[in-house]
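Okay, so here's the structure we're looking at.
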Amino acid sequence: MNNEECKDMAHRQHVKYFMRFLNILPSSLSSHDTTRVTIAYFSVAGLDVLGAISTVSLELRSRIIEWLYMLQVHPNKETGDMSMCGFQGSSTININLDPESSHYKCGHLAMTYTGLCILIALGDDLSRVNRKALVEGVKALQTDEGNFAATLSGCESDMRFVYCAACISYILNDWSGFNIEKATDYIIKSIGYDYGIAQCPELESHGGTTFCALATLSLTKQFHRLTEAQIEGLKRWLLFRQVDGFQGRPNKPVDTCYSFWVGASLKILNMLHYSNYGSNRHYVYETQDRVVGGFSKWPDTCTDPMHTYLGLAGLSLIGENGLSQIEPTLNITQRAHEHLKNLHEQWADS
């Protein structure tokens, strides 16, 4: 792709691209059917950052909202147990199970977080969200180490789900299910010798999990727990992830999604302006499909909803014309965040 083709955003094509994913899941993504809520999140959030949320008709908006509430797992009717509560990832797994297997029907932290983000972006008032049950569902997933498992039915536990749990707690304006001290200790233990932050202690530093950790520290107001050396080391490690676009780890190829993961981390640390906006922008535009719409992780490869949304979010962080501003810690637009803050005020007054 030459420089001339990189100059402009195919705005109309990207809007159509996201709208397709709100109506049908292509066969190429059939393996992601059980996590369809995340695909809906990338599509709705993508339309929002494009300033095109009005493209979603009232009828479609209502259908999406009703579908999400159908995926909410409610407390056990017999015992009142709330530990399984949250949102599931797809209607294909939202089935009625016999009593012996009912414990397999449970929420998932990533689906709960992205589901709530969709509801907020679409203007829902969250009145049908069982906030108390979701908080108890979050609480049940925190481990003794301070991190979080994704679901009670058996899953890995790492920094991704610490972040999801923090976002859910912030959105619900209730931190009673999130042990902030334990989670902060886990984050600090996951800081590597190079000052990047890993999935778990003793693992390799990674741009995505560094974002998850920094956003969590910001949401929980725990930055004071880091030493000056750790903060300065983090800034250096993150700035060194830029080649032209950003990479997630040293000696790895650049990838569109890290324009957000690393860019948002730098934004949280008030350091993004020290990066090279022009090089970052040029790389992201090299991955744009101007005909069909969408962005890919690398030039001349297939586009997908995640890299399309994160590419746009990364461009938003550096002030790209025609894009709505992003609230980096929550990974939603500032427009959606204002709606959430209004909900928090209503809850406080009720």
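Quick notes on this structure:
- Selection of region 248-266 for residues being closer than 22 Å to PHE295 by Cα and open to solvent by 40 Å² or more (accessible area, probe 1.4 Å) yields ARG249, LYS252, PRO253, TRP261.
- Across region 271-308, the qualifying residues are those that are assigned to a loop (DSSP other than H, G, I, E, B) and acidic (Asp, Glu), and the one among them that is nearest to the chain's Cα centre (by Cα) is ASP304.
- Put simply, of GLY245, GLY278 the only residue that is of a type in the set (Gly, Ala, Ser), out of contact with any Cys (no Cβ under 9 Å at 6 or more places or on another chain) and open to solvent by less than 40 Å² (accessible area, probe 1.4 Å) is GLY245.
- Some residue of region 153-168 being modelled with pLDDT of 95 or more and among the polar types (S, T, N, Q): no
- Residue in region 1-54 that is surrounded by the most Cβ atoms within 10 Å (Cβ to Cβ), counting only those that are β-branched (Val, Ile, Thr) and modelled with pLDDT under 95: THR35
- Residue ID - surrounded by the fewest Cβ atoms within 10 Å (Cβ to Cβ), chosen from residues in region 190-208 that are in contact (Cβ under 8 Å) with a residue 40 or more places away in the chain and closer than 17 Å to GLN142 by Cβ: CYS200
- The residues of region 209-233 that are within 24 Å of ASP255 (Cβ to Cβ), open to solvent by less than 20 Å² (accessible area, probe 1.4 Å) and not aliphatic (A, V, I, L, M), listed by number, are THR209, THR210, PHE211, CYS212, THR216, GLY233.
The rows are residues; the columns are (1) in contact (Cβ under 8 Å) with a residue 40 or more places away in the chain; (2) in a loop (DSSP other than H, G, I, E, B); (3) within 25 Å of MET70 (Cβ to Cβ).
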position: MET9; (1), (2), (3): yes, yes, no
position: VAL15; (1), (2), (3): yes, no, no
position: ARG20; (1), (2), (3): no, no, yes
position: SER28; (1), (2), (3): yes, no, no
position: SER31; (1), (2), (3): no, no, yes
position: ILE39; (1), (2), (3): yes, no, yes
position: PHE42; (1), (2), (3): yes, no, yes
position: GLY46; (1), (2), (3): yes, no, yes
position: SER54; (1), (2), (3): no, no, yes
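The values are calculated or read from the model by the stated rules, or taken from the named source; none is laboratory data. Quantities reported herein were computed from a predicted structural model and do not represent experimental measurements. Cβ coordinates were reconstructed from backbone atoms using ideal geometry, including for glycine residues, and neighbour counts include every protein chain displayed. Only protein heavy atoms, including side chains, enter the accessible area calculation; ligands, DNA and RNA are left aside. Shrake-Rupley method; radii C 1.70, N 1.55, O 1.52, S 1.80 Å.
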